[in-house]
Each structure stands twice: as C-alpha cells, then as structure tokens.
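Down below is the structure, laid out as structure tokens.
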Amino acid sequence: MKRKPRILLIQPTTVHLDGTPHKTRWRLIIGLMIPYIAGLTPDDFDVTLCDERLEDIDFEAGWDLVGMTTTIGAALRAYQIADKFRKLGIPVVMGGFHATLQTEEALKHADAVVQGEADLVWEQLLRDWQDGKLKRIYRSDKLHDLKGLPRPRHELLKLNRYLFKALPIQATRGCPYRCAFCEIPVFYNGTYRTRPVGDIVEEIKQQIKITGIRRFQFIDDQITGKHRFARELFRALIPLNIRFSCLWTVNSNHDEELLELAAKAGVFHVNIGVESINQDSLLTIHKIQNHVKEYKKLLARLEKYGIYYSLNFLFGLDADKPDIFDATLRFLHEIRAPEAFFNTVTPRKGTPMRKQLEEEDRVIIPDADMFTNNFRCMFVPKQMSPQEVEEGVWRCTTEFYSLKSIFKRLVFPPHKFIWQGLTENLLFYWGAKRRIDPVDYY
C-alpha cells in the first residue's frame, strides 16, 4: 500500500525581543487556521498539527511538506522554522495575513506563498507539489461564496493544553468598515461575506458530536456586520444549547432585538474595539461607526441583557494627548468595565495608516509588532513622544488590573459579572505585575 504524503501544519509562536520563542505550558484559546487547513486537505494526505507555542517541532520526523500560517507577531519565528526545514530539503508553504501583505519577504523563506484565502487553491497547490510543479504564488481569481466549507479538524490538536475549551468557528469573513489602521479590509479586498446559517449549525453539531465541547468562539472580525444575518444566526443557535463568544462593534448595541437574541442564543462574552474615548482620535483612523457620546448608554445595554464584554483601546493616535490615559481609566471605572485591553497602535504594512506614516517619515521601529510582550510605539505620534505612549499603555494595564481597581469594578458593590470577571482579571493582575501583556495569554 502506497504511503500517504506526510504534511506538518504549524502555527508558529511569537518571539521575545531577544529573539527567543515564546513558549508556555498552556494558552487560553484554540486557533482556527491550521485545523481549518487540515479540513481542506484531501484524505490521501496524512496531516499532523503543531501549535508551537505549546509543543516543540520535530524536525526529524520525515515530513514531506510543511505548511505555516503567519501573523505579523509570529512572522520572525515562521521564517526561522522555514529556513531550518528547507536546509533539510523539506519544502515549505506559507499563508495568512503577513505572508499575503508581505509576499516578497515571505518568499525569501518559503517555496510557495498562498495569498489571501486558501479555500480554492490549497488542493491545487498540493497536486502541483506532487507533480513537481509547485508555483511560487497561489491566489484564487475569485472569492469563496462560503458555502459548504469543510469542518476544521480541531481534534488533531492537543485540546487538553487549552484552558478555555471553546472551539473556533467562522460565520462571516471581512468587515463592512474601513478603519485606516486595520488590515482586514485589505486582506479581504473590502468585502464582507456570510456563511449559510444551516452550514454553521451543522458544523456546530458535528463538532459537539466529535469533541463533546459545547462552547464556541466565533472568530469573525465583525459578526454583526449585517444585522439581518446576525439575528437569523442567533435564532438558529438558540435550540443548540451552546455558549459562545464573538466580536462586534459598539454601534451594534443600538439593535436591542439583536442583543436579546444573542443572549438567548448563549453569548457569554463579546469583545468590542472601541479604540478611543476621544472622538477626534477616532476620526483620524476613519472609525466613523463609533460615537463616544453613546458609549455609556450602549455598553449599559450589554449589562441589561447579561452579556459580559471586554473593550479594546489604541493609543498614539494623531489626536491623542498625554491626558488620554487618565481619561480612559476614569471612563472605565465610571462604567465599571469588566475587562479591557490596551495597546499602542501598530498599523501593518499595506494599511492606509501605515502608508500615511511612511509618507510622513514618522516610522521609527518598522518591526515593532513582530515581537511579543511589549507595547513599543513604532512611530512618532503628533502630540506625544513614543516613550509617553509606551509608558501610558503599561500604566493603563497595571492600574486597570490592580487589586484596587478589580475590587472597585467587580466586587463592591457586587457586579453582575463578578464571578465571570474575577478569574481573568486576577490572571491579568498576576501578569501585569510581571510586565506581561494580557493578550499574550491568548
């Protein structure tokens, strides 16, 4: 019987400032991409998955082909891994956001790059490789209609190494908005597409049957980009008796029917990119859908429907002044926000904001976002120094996750999210004391 070609699919880890790989015994959430590519792979291939953050790569196991997904934060490690495999004579294929936006850079370390979505080109790439005709670049000439997507093979991961047992799933791709710092519209060519609701429901049922896990994480960048679709989806999820997390924009909270359906469907956490409490700062990045004056009212609606939430903030925007950090902390304590993440703004190459910064000769650390556990400011802000931004972001993180802050926000008087919020808040308190960015736990 002919041996099946052996494919190793790797999710590379990030690297520290000294160049060493970021390794941990566990992480909070499960990734989607390598299980999904495994699902795209025909049955006549033997597929192995490796989340390098959690396990070491076996370079000597006789792999025939290696595939890697590349985010900006994991790109340097991906290149290190690829170079080592290629020295062993094993071809390497790269895909993902970074390889798509920086294809020429990735091709210095890979035999082939998949630009954009892999759905319509992955099998052809594998057949070309088998025939000795592997091309340098694969890019589909059309976008997938998202019908009949394969089931991601999460069971190939070491699921016991993830603390938060929620399987990633995708309902939409892209985003209807055009924020200047964001690479999502660039990667998806400005489109926003939805999967058939029946396909999503069937995938959930299959995953429950195979893994026994009834928690899911919708990894969509904006699951409520079309409210009619989101309401239809949430209605369909209600009978499944699942729990799920997702991301949506704060203006989605205007739709109370949507919130009520989401709560009935089992949402237990929504992450929201509010980015800033300064309206002028939002306008500099074309975040036109956010209106600061409505934040308190709209976030209170999440509490009304019992929906736990976390907020994302960016600092260093052109209208930001040094008082933005104290103002942000005051706002978060006024609304008793259960969870928040603070970052310097780091626009990727290929985004409108990065192009503007380069044209104005303001970029000083081009690779600032290619390392873990740091808030380095990659450019010179207009109204602060880079150091002021970095120090301000760390201060927001340490003060927000101080014991005093946690007590005021969640414990006294008791917040309705006290039990859901305490575990992660205390974890992030422990990390902040050690200069660990909360995002690094994910």
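Just so you know, all these numbers are worked out from the coordinates, no wet-lab data involved. Keep in mind that this is a model prediction, so the values were computed, not measured. Quick reminder, even Gly has a Cβ in these numbers, built from the backbone with ideal geometry, and neighbours come from all protein chains shown.
Quick look at the numbers
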item	result
Among R330, R153, R53: highest mean-square fluctuation, GNM of the chain, C-alpha pairs under 10 Å	R330
Residue order, fewest to most beta carbons within 10 Å, for F379, F59, F412, F181	F412, F59, F181, F379
Residue (of Y308, F244, Q206) at the positive-pole extreme of the stretch 154-441, dipole from beta-carbon charges	Q206
Dipole magnitude of the stretch 376-438, debye to nearest 20 (Cβ charges: Lys/Arg +1, Asp/Glu -1, about Cα centre)	180
Whole-Hz ³J(HN,Hα) from phi, Karplus 6.51 cos²θ - 1.76 cosθ + 1.60, for the stretch 400-407, glycine and proline x	5, 9, 6, 4, 4, 5, 4, 4
Residue of P414, P386, P338 that the Gaussian network model of the chain assigns the largest fluctuation, springs spanning Cα pairs under 10 Å	P414
Dipole magnitude of the chain, debye to nearest 20 (Cβ charges: Lys/Arg +1, Asp/Glu -1, about Cα centre)	1140
Length-normalised contact order for the chain - Cα pairs under 8 Å, 6+ apart - percent	13
Residue-averaged [θ]222 nm for the chain, counting only DSSP H segments that reach four residues, each worth -39500 (n - 2.57)	-9500 deg cm²/dmol
Relative exposure of H415, H269, judged by other C-beta atoms within 10 Å (fewest first)	H415, H269
Nearest 10 degrees, 0 to 90: helix 256-265 Cα axis against the chain principal axis	50
Other-chain or far-sequence residues with amide H under 5 Å of I72's (modelled H)	H98
Charge dipole of the chain about the Cα centre (unit charges at C-beta), most positive-ward option of L259, T13, Y442	L259
Net charge contributed by nearby residues that have their C-beta within less than 9 Å of Y162 (K/R +1, D/E -1)	+3
Long-range HN-HN contacts of N312 with modeled amide H, under 5 Å	I272, G273, V274, E275, F341
Reachable lysines, given that their alpha-carbon falls under 26 Å from the alpha-carbon of K293 and they are not under 8 places away in the same chain	K226, K304, K321, K382, K408, K416
Charge context of I208, other residues only, Cβ under 13 angstrom, K/R +1, D/E -1	+4
Cut-off 10 Å between beta-carbons: net charge of the residues surrounding P366, Lys and Arg +1, Asp and Glu -1	-1
Amide proton proximity set for R53, modelled H, under 5 Å, gap of 5+	T13
For the stretch 154-441, convex hull of alpha carbons as volume per residue, Å³	134
Gap separating the Cα centres of the stretch 116-135 and the stretch 1-70, nearest whole Å	18
Options F234, F59, V380, ranked by Cα towards positive dipole end of the chain, top entry (Cβ charges)	F234
Cβ-Cβ FRET estimate between E123 and T211, R0 fixed at 35 Å, reported to 0.05	0.90
Cα centre as origin, Lys/Arg/Asp/Glu Cβ charges: the stretch 139-228 dipole, Debye	260
The stretch 6-138: equivalent-ellipsoid semi-axes (sqrt of 5 x gyration tensor eigenvalues, Cα, Å)	22, 16, 15
